[in-house]
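What follows is one structure encoded as structure tokens, with my remarks underneath.
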Amino acid sequence: MVTADEAPIEVRDAQARLLFRYDPQTGQTVVGVPTGDLVLDLPDGAFRVAASRGIELRAPTFGLDAESARLRLGKLETVVGRLIERARNVYRRVDELAELRAGRVRTLAQGLLQLAGATAALTAKGVVRVDGQKIELG
């Protein structure tokens with residue numbers, strides 16, 4: 001048994017690289033993999049992580065390959081240099097406000113472009129142009 005008065009316990013490989021460290025004073029446990037990959041293989045089970053103070057992942061790349069995924073969050077903040085989304089269909093439901101702020105906005109549709117609302121307003125500081133073979137109002 002390890003008590004808080006004792007020094008940290010360390011396990012190192014032949015080259016003195018850290019494999020395992022437990023510090024009883026801080027309660028921190030470190031598992032090290034000096035070379036190669038760390039693989040957790042669960043052929044007939046699930047992998048769960050629970051942490052009361054958060055989970056952090058840091059890497060130059062991150063990949064997720066799954067048949068389905070679900071996120072339940074109180075708040076999601078995404079900050080990226082470029083966001084590319086591809087989907088067959090996208091359905092979004094916003095109960096209150098959906099707002100987009102951009103330097104420019106371009107929407108392209110191969111077929112019908114439909115906007116519908118109880119009321120609608122289009123305002124511009126400059127020219128408003130409507131171009132089509134036929135324009136129907138009312």
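Things to note:
- Paramagnetic label reach from Ala16 (point 7 Å along Cα→Cβ; backbone nitrogen cut-off under 12 Å): within the stretch 30-45, no residues.
- For the stretch 113-127, the Karplus equation 6.51 cos²θ - 1.76 cosθ + 1.60, evaluated at θ = phi - 60°, returns couplings of 10, 10, 10, 9, x, 4, 9, 9, 9, 10, 10, 9, 7, x, 6 Hz by residue, with Gly and Pro reported as x.
- Principal axes of the chain: Cα extent on each, largest first, Å: 83, 32, 30
- Gain on full extension, evaluated as 0.36 nm per residue between Ala50 and Ile135 minus their Cα-Cα distance, stands at 24.7 nm.
Taken together, the values in this text are just the output of simple stated rules run on the coordinates, not laboratory data. Computed from a predicted model, the values in this text were never measured in an experiment. Cβ atoms come from the backbone with ideal geometry, glycine included; neighbour counts cover every protein chain shown.
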